[in-house]
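Here's the structure we're looking at; comments come further down.
The values are calculated or read from the model by the stated rules, or taken from the named source; none is laboratory data. As the structure is a computational prediction, the values presented were derived from the model and not from experiment. All Cβ positions, even for glycine, are placed from backbone atoms using ideal geometry, and neighbour counts span all protein chains on display.
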Amino acid sequence: MLRLDGIHRSFGDRLVLDDVDFTVERGRLTGFVGGNGAGKTTTMRIVLGVLSADSGSVTLDGAPLGDEARRHFGYMPEERGLYPKMRAAEQLTYLARLHGYDRREADRRARALLERLDLGARADDALESLSLGNQQRVQIAAALVHDPEVLILDEPFSGLDPLAVDTVVAVLAERAAQGVPVLFSSHQLDVVERLCDDVVVIAGGRIRAAGEREQLRQAYAEPRYEIDSGGDVGWLRDEPGVSVVEFAGGWALFDADEAAAQRVLRAALDRAPVRTFAPVRPTLAEIFRDIVRDESPDDDPTSAEAGATATQSEAVR
């Protein structure tokens, strides 16, 4: 388990991370979401040792992280950092050899991974000749080629078409199934919702929500229900304790406490067959908007993050 405890980080007099705490469990995919400048990249760079925390700790399975443990991490930065004129397989082979594989095994691993990511036919093409989406897949392969024990991916789905997203999702799920903790950031909340087991929401450098995906959806759910009946449900407007949100013939979305909702169900069944009756849980996008709604850009302590960390990009690459 990868664990962050009480991480603080400032750039000058600007507080960028404020008491950041969360865990990334082995065998689980953890989505790390937040707006631009929220602190996601700074957090990831601290985990990787590219930046240091002012206070707090990062541990793996209870042990403090050191350089040797980080050698077994896989990292994909948001900024592409591969060599544009090198061939895709050649680059991955080179990176695998840096991690101790001999040339034959490194080349085998590179080509097998490109094949798994549907890039086998482009293995010997220069990176600069590939589309941006295919370059992104090579960048993901670079994070995976040495069979890492921990995966940290910053915006891995950026620029990918839906089929490529599905391919990458399948590869990451395979790694998680092998017991690898996977932390990834993404602005594509629909992908995060579909892929992740756990969600961490950061805003203004502070963790605003963290936990298992469905538990978070339940925790942020309003007392809202959906009904789809064989008869008209216009009578709901006059039902005490019920507030109709949307209505269309036999279908309605309404707010009510549990007792009133059960009363509605019984009344609906007395009138006509009920095809659907269920509580409505918010999407991850709705939860995210609710959490960060009051976050003012002028008060965001991470607004200086990009400029303050720009000099770190070359180190990441």
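Select, from GLY66, GLY56, the only residue that is at positive phi and out of contact with any helix residue (DSSP H, G or I) (no Cβ under 8 Å at 6 or more places or on another chain). Give the steps one after another, and end with the answer.
On the way: GLY66 fails: at positive phi.
The match here is GLY56.
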- [ ] Note down all Cβ pairs under 6 Å where the first residue falls in region 205-220 and is assigned to a helix (DSSP H, G or I), the second is of a type in the set (Val, Ile, Thr), and they're at least six residues apart or on different chains.
- [x] ARG213/VAL199; LEU216/VAL199
Task: Those residues of region 1-32 which are of a type in the set (Asp, Glu) and assigned to a strand (DSSP E or B), in sequence order - done: ASP5, ASP18, ASP19, ASP21
- [ ] For region 277-302, enumerate the residues that are buried (at least 17 other Cβ atoms within 10 Å of the Cβ) and either part of a helix (DSSP H, G or I) or modelled with pLDDT under 85 (or both).
- [x] LEU284, ILE287, PHE288, ILE291, VAL292, ASP300, PRO301, THR302
Open item on the list: Going residue by residue through region 84-93, is there one that turns out to be in a helix (DSSP H, G or I), within 24 Å of PHE11 (Cβ to Cβ) and touching a residue at least 24 places away in the same chain (Cβ under 8 Å)?
Closed with: no
Task: Subset tally (residues that are farther than 16 Å from GLU149 by Cβ and either surrounded by fewer than 22 Cβ atoms within 10 Å (Cβ to Cβ) or not assigned by TED's automatic domain parsing to the domain that holds GLU212 (or both)) for region 26-50 - done: 4
Task: Among residues of region 250-268, those that are touching an Asp or Glu at 6+ places or on another chain (Cβ under 7 Å) and of a type in the set (Phe, Trp, Tyr), counted - done: 1
- [ ] Name the single residue, out of those in region 51-70 being assigned to a loop (DSSP other than H, G, I, E, B) and touching a strand residue (DSSP E or B) at 6+ places or on another chain (Cβ under 9 Å), that is nearest to THR30 (Cα to Cα).
- [x] ASP61
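Taking the stated definitions as given, is ARG80 among the basic types (Lys, Arg), farther than 26 Å from GLY179 by Cα, in the same structural domain as ALA38 (by TED's automatic domain parsing) and at pLDDT below 95?
Values: among the basic types (Lys, Arg): yes; farther than 26 Å from GLY179 by Cα: yes; in the same structural domain as ALA38 (by TED's automatic domain parsing): yes; at pLDDT below 95: yes.
Yes.
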Open item on the list: Being buried (at least 20 other Cβ atoms within 10 Å of the Cβ), within 19 Å of LYS40 (Cα to Cα) and in contact (Cβ under 8 Å) with a residue 60 or more places away in the chain is the filter here; which residues of region 144-180 pass it?
Closed with: VAL150, LEU151, ILE152, LEU153, ASP154, PRO156
Open item on the list: Could you check region 149-195 and list, in sequence order, the residues that are part of a loop (DSSP other than H, G, I, E, B), under 9 Å from the mean Cα position of the chain (by Cα) and either at pLDDT below 90 or not assigned by TED's automatic domain parsing to the domain that holds GLY37 (or both)?
Closed with: SER186, HIS187, GLN188
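Taking region 221-256 as the region of interest, how many residues are in contact (Cβ under 8 Å) with a residue 12 or more places away in the chain, assigned to a strand (DSSP E or B) and of a type outside the set (A, V, I, L, M, F, W, C)?
Final tally of qualifying residues: 7.
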- [ ] Give region 70-90 a look and list any residue that's more than 12 Å from ILE140 (Cα to Cα) and small (Gly, Ala, Ser), or say none.
- [x] ALA89
